[in-house]
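> Here you go, one structure.
The values are calculated or read from the model by the stated rules, or taken from the named source; none is laboratory data. Bear in mind that the values here come from a model prediction, so they are computed numbers and not experimental data. Note that each Cβ is placed from the backbone with ideal geometry, even for glycine, and that neighbours are counted across all protein chains shown.
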Amino acid sequence: MNHTLRILVFFLLGISSLQAQNEAYVSSSEAKISDTTFVNLRDYSNDFVYDMKYATEDNFLKTKVYDCAECMLRLKTVKALIAANNDFLKKGYRIKLFDCYRPLDIQKKMWEIVSNPTYVADPKKGSIHNRGGAVDISLVDITGKEVDMGTSFDFFGIMASHNFKQLSEEILSKRAYLKNTMIKNGFNSFDSEWWHYNLKAGLKDKVSNQKWKCD
Ligand SMILES: [Zn+2]
(Lines give C-alpha, C1' and ligand atoms only; values in the text may rest on other atoms or scores of the structure.)
Protein backbone atom coordinates (compact mmCIF):
# COMPACT_ATOMS: atom_id res chain seq x y z
CA MET A 1 0.00 0.00 0.00
CA ASN A 2 1.54 3.29 -0.97
CA HIS A 3 1.45 6.25 1.33
CA THR A 4 -1.46 8.07 -0.36
CA LEU A 5 -3.63 4.95 -0.39
CA ARG A 6 -2.88 4.31 3.28
CA ILE A 7 -4.01 7.81 4.18
CA LEU A 8 -7.17 7.34 2.10
CA VAL A 9 -8.03 4.03 3.82
CA PHE A 10 -7.39 5.56 7.23
CA PHE A 11 -9.59 8.51 6.32
CA LEU A 12 -12.47 6.28 5.12
CA LEU A 13 -12.27 4.08 8.24
CA GLY A 14 -12.37 7.23 10.31
CA ILE A 15 -15.53 8.41 8.56
CA SER A 16 -17.32 5.07 8.90
CA SER A 17 -16.55 4.79 12.62
CA LEU A 18 -17.77 8.35 13.15
CA GLN A 19 -21.02 7.55 11.36
CA ALA A 20 -21.48 4.42 13.45
CA GLN A 21 -21.02 6.46 16.61
CA ASN A 22 -23.54 9.02 15.48
CA GLU A 23 -26.10 6.36 14.65
CA ALA A 24 -25.61 4.72 18.03
CA TYR A 25 -26.06 8.07 19.76
CA VAL A 26 -29.31 8.86 17.92
CA SER A 27 -30.83 5.44 18.50
CA SER A 28 -30.05 5.49 22.21
CA SER A 29 -31.84 8.81 22.68
CA GLU A 30 -34.95 9.44 20.61
CA ALA A 31 -34.89 7.51 17.34
CA LYS A 32 -36.77 4.50 18.71
CA ILE A 33 -39.39 6.46 20.63
CA SER A 34 -42.34 7.46 18.49
CA ASP A 35 -44.00 10.84 18.89
CA THR A 36 -47.12 9.21 20.30
CA THR A 37 -45.30 7.36 23.11
CA PHE A 38 -46.26 8.42 26.63
CA VAL A 39 -43.27 9.89 28.46
CA ASN A 40 -42.61 11.73 31.71
CA LEU A 41 -41.97 15.45 31.16
CA ARG A 42 -39.36 15.38 33.98
CA ASP A 43 -37.15 13.13 31.82
CA TYR A 44 -36.96 15.85 29.17
CA SER A 45 -36.76 19.14 31.09
CA ASN A 46 -36.09 20.58 34.54
CA ASP A 47 -37.53 23.97 33.64
CA PHE A 48 -41.16 23.47 34.71
CA VAL A 49 -42.91 24.17 37.99
CA TYR A 50 -45.23 21.41 39.23
CA ASP A 51 -48.47 22.01 41.10
CA MET A 52 -50.32 18.84 40.16
CA LYS A 53 -53.66 19.51 41.82
CA TYR A 54 -55.11 16.02 41.38
CA ALA A 55 -52.20 14.51 43.29
CA THR A 56 -53.50 16.50 46.30
CA GLU A 57 -56.92 17.06 47.88
CA ASP A 58 -56.86 20.67 46.68
CA ASN A 59 -59.14 20.17 43.67
CA PHE A 60 -62.86 20.11 42.94
CA LEU A 61 -63.01 16.34 43.49
CA LYS A 62 -61.72 16.95 47.04
CA THR A 63 -59.75 13.73 46.78
CA LYS A 64 -56.26 12.81 45.76
CA VAL A 65 -56.80 10.84 42.56
CA TYR A 66 -53.17 10.50 41.41
CA ASP A 67 -50.64 8.53 43.46
CA CYS A 68 -47.84 10.96 42.58
CA ALA A 69 -47.33 14.35 40.97
CA GLU A 70 -45.97 13.42 37.56
CA CYS A 71 -46.73 15.02 34.20
CA MET A 72 -47.16 12.23 31.64
CA LEU A 73 -47.80 13.24 28.02
CA ARG A 74 -47.21 11.95 24.53
CA LEU A 75 -43.70 12.79 23.32
CA LYS A 76 -44.96 15.25 20.68
CA THR A 77 -46.86 17.17 23.40
CA VAL A 78 -43.71 17.26 25.54
CA LYS A 79 -41.69 18.66 22.62
CA ALA A 80 -44.21 21.42 21.90
CA LEU A 81 -44.55 22.26 25.60
CA ILE A 82 -40.78 22.60 26.00
CA ALA A 83 -40.67 24.89 22.94
CA ALA A 84 -43.39 27.07 24.49
CA ASN A 85 -41.60 27.10 27.85
CA ASN A 86 -38.38 28.19 26.15
CA ASP A 87 -40.28 31.18 24.73
CA PHE A 88 -41.60 32.04 28.22
CA LEU A 89 -38.14 31.60 29.79
CA LYS A 90 -36.70 34.21 27.41
CA LYS A 91 -39.11 36.75 28.97
CA GLY A 92 -38.49 35.66 32.57
CA TYR A 93 -41.51 33.37 32.95
CA ARG A 94 -41.97 29.63 33.08
CA ILE A 95 -44.88 27.20 32.87
CA LYS A 96 -46.55 25.93 36.02
CA LEU A 97 -48.42 22.66 35.47
CA PHE A 98 -51.73 21.74 37.10
CA ASP A 99 -52.67 18.67 35.04
CA CYS A 100 -51.35 16.71 32.04
CA TYR A 101 -52.38 13.23 30.89
CA ARG A 102 -55.46 12.07 32.78
CA PRO A 103 -56.62 8.43 32.78
CA LEU A 104 -60.17 7.90 31.49
CA ASP A 105 -61.33 6.55 34.88
CA ILE A 106 -60.49 9.93 36.45
CA GLN A 107 -62.43 11.69 33.69
CA LYS A 108 -65.48 9.61 34.66
CA LYS A 109 -65.15 10.69 38.30
CA MET A 110 -64.92 14.34 37.23
CA TRP A 111 -67.98 14.01 35.01
CA GLU A 112 -70.01 12.54 37.89
CA ILE A 113 -69.34 15.72 39.89
CA VAL A 114 -69.52 18.32 37.09
CA SER A 115 -71.71 16.96 34.24
CA ASN A 116 -71.32 20.15 32.21
CA PRO A 117 -69.40 19.98 28.93
CA THR A 118 -68.47 23.66 29.22
CA TYR A 119 -66.10 22.64 32.02
CA VAL A 120 -65.58 18.88 31.94
CA ALA A 121 -65.41 16.69 28.82
CA ASP A 122 -67.96 13.87 28.62
CA PRO A 123 -65.97 10.64 29.16
CA LYS A 124 -67.98 9.03 26.34
CA LYS A 125 -66.14 11.33 23.94
CA GLY A 126 -63.02 11.66 26.06
CA SER A 127 -61.00 14.76 26.82
CA ILE A 128 -57.75 15.58 25.05
CA HIS A 129 -56.26 15.08 28.55
CA ASN A 130 -57.23 11.39 28.19
CA ARG A 131 -55.31 11.34 24.88
CA GLY A 132 -52.06 12.75 26.30
CA GLY A 133 -52.38 15.96 24.29
CA ALA A 134 -53.72 18.52 26.79
CA VAL A 135 -52.22 20.50 29.63
CA ASP A 136 -53.64 22.78 32.32
CA ILE A 137 -51.11 25.50 33.00
CA SER A 138 -50.35 28.95 34.28
CA LEU A 139 -47.15 31.02 34.46
CA VAL A 140 -44.79 31.89 37.29
CA ASP A 141 -42.52 34.92 37.13
CA ILE A 142 -38.77 35.09 37.69
CA THR A 143 -39.26 35.16 41.49
CA GLY A 144 -41.37 31.97 41.34
CA LYS A 145 -44.61 33.82 42.06
CA GLU A 146 -47.69 32.65 40.18
CA VAL A 147 -48.99 35.21 37.69
CA ASP A 148 -52.48 36.56 38.46
CA MET A 149 -54.80 35.20 35.76
CA GLY A 150 -57.99 36.50 37.37
CA THR A 151 -59.32 33.20 38.74
CA SER A 152 -57.86 30.08 40.27
CA PHE A 153 -57.38 26.92 38.22
CA ASP A 154 -60.65 24.94 37.84
CA PHE A 155 -62.82 27.95 38.59
CA PHE A 156 -66.07 26.86 36.96
CA GLY A 157 -67.59 30.19 36.00
CA ILE A 158 -67.68 32.85 33.31
CA MET A 159 -64.68 34.69 34.78
CA ALA A 160 -62.41 31.85 33.66
CA SER A 161 -63.34 32.43 30.00
CA HIS A 162 -61.02 34.03 27.46
CA ASN A 163 -64.10 35.96 26.34
CA PHE A 164 -64.67 37.55 29.76
CA LYS A 165 -63.20 41.02 29.46
CA GLN A 166 -64.18 42.70 32.75
CA LEU A 167 -60.75 42.13 34.23
CA SER A 168 -57.76 44.43 34.67
CA GLU A 169 -55.58 45.23 31.65
CA GLU A 170 -52.74 43.44 33.42
CA ILE A 171 -54.70 40.18 33.76
CA LEU A 172 -56.08 40.37 30.21
CA SER A 173 -52.60 40.93 28.81
CA LYS A 174 -51.15 37.98 30.79
CA ARG A 175 -53.94 35.67 29.58
CA ALA A 176 -53.32 36.85 26.02
CA TYR A 177 -49.56 36.35 26.41
CA LEU A 178 -50.10 32.76 27.63
CA LYS A 179 -52.59 32.06 24.83
CA ASN A 180 -50.57 33.60 22.00
CA THR A 181 -47.36 31.83 22.99
CA MET A 182 -49.11 28.48 23.27
CA ILE A 183 -50.83 28.92 19.90
CA LYS A 184 -47.49 29.85 18.30
CA ASN A 185 -46.14 26.50 19.56
CA GLY A 186 -48.89 24.30 18.14
CA PHE A 187 -51.61 24.40 20.79
CA ASN A 188 -55.32 25.36 20.72
CA SER A 189 -56.91 27.33 23.51
CA PHE A 190 -60.27 26.46 25.08
CA ASP A 191 -62.67 29.41 25.40
CA SER A 192 -64.14 28.63 28.82
CA GLU A 193 -60.85 27.84 30.63
CA TRP A 194 -57.82 30.15 30.40
CA TRP A 195 -55.56 27.36 31.74
CA HIS A 196 -56.41 24.60 29.23
CA TYR A 197 -54.40 23.94 26.03
CA ASN A 198 -54.70 21.10 23.48
CA LEU A 199 -51.90 20.08 21.16
CA LYS A 200 -53.45 20.49 17.70
CA ALA A 201 -51.53 17.45 16.41
CA GLY A 202 -52.91 15.35 19.30
CA LEU A 203 -56.66 15.82 18.92
CA LYS A 204 -57.20 12.48 17.13
CA ASP A 205 -54.98 10.25 19.27
CA LYS A 206 -56.59 7.37 21.15
CA VAL A 207 -58.10 7.79 24.58
CA SER A 208 -55.99 5.96 27.14
CA ASN A 209 -56.63 4.57 30.62
CA GLN A 210 -53.28 3.68 32.16
CA LYS A 211 -51.55 4.38 35.44
CA TRP A 212 -48.01 5.62 35.67
CA LYS A 213 -45.28 4.40 37.99
CA CYS A 214 -44.56 6.22 41.23
CA ASP A 215 -41.24 5.81 43.05
ZN1 LIG B 1 -57.71 20.91 30.99
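> Just to verify a result, which residue in the stretch 145-202, among those that are among the basic types (K, R) and surrounded by fewer than 19 Cβ atoms within 10 Å (Cβ to Cβ), is farthest from R94 (Cα to Cα)?
Among them, the one singled out is K165.
> Say we look at the stretch 179-198 and pick out the residues that are closer than 20 Å to Y54 by Cβ and either among the aromatic types (F, W, Y) or part of a strand (DSSP E or B) (or both); which of these is farthest from the ligand (Cβ to nearest atom)?
W194
> Let me ask you something else. Checking D205 against (1) within 16 Å of the chain's Cα centre (by Cα); (2) within 15 Å of the ligand (Cβ to nearest atom); (3) of a type in the set (D, E), which single condition isn't satisfied?
(2)
> Need pairs with beta-carbon distance below 9 Å; first residue under 22 Å from Y93 (Cα atoms) and within the stretch 123-141, second of a type in the set (G, A, S) and within 11 Å of the ligand (Cβ to nearest atom); sequence gap 6+ or separate chains.
A134/S127
> Also, I was wondering about something else. Take the residues in the stretch 117-138 that are in a strand (DSSP E or B) and out of contact with any helix residue (DSSP H, G or I) (no Cβ under 6 Å at 6 or more places or on another chain); name whichever of them is farthest from the ligand (Cβ to nearest atom).
That would be S138.
> On to the next question. Being touching a residue at least 40 places away in the same chain (Cβ under 8 Å) and closer than 17 Å to I95 by Cβ is the filter here; which residues of the stretch 33-53 pass it?
Result: N40, L41, S45, D47, F48, V49, Y50, D51, M52, K53.
> Residues A176, A201: which one is of a type outside the set (F, W, Y), without any contact (Cβ under 8 Å) to a residue 40 or more places away in the chain, over 25 Å from D67 (Cβ atoms) and not in a loop (DSSP other than H, G, I, E, B)?
Matching residue, one of A176, A201: A176.
> Somewhere in the stretch 90-104, is a residue away from the ligand (no atom under 15 Å from the Cβ), in contact (Cβ under 8 Å) with a residue 40 or more places away in the chain and either under 16 Å from Q210 (Cα atoms) or among the aliphatic types (A, V, I, L, M) (or both)?
Checking the stretch 90-104: not a single residue is away from the ligand (no atom under 15 Å from the Cβ), in contact (Cβ under 8 Å) with a residue 40 or more places away in the chain and either under 16 Å from Q210 (Cα atoms) or among the aliphatic types (A, V, I, L, M) (or both).
> Just checking, does the stretch 132-144 include any residue being surrounded by 13 or more Cβ atoms within 10 Å (Cβ to Cβ), closer than 21 Å to K53 by Cα and modelled with pLDDT under 95?
No, that holds for no residue.
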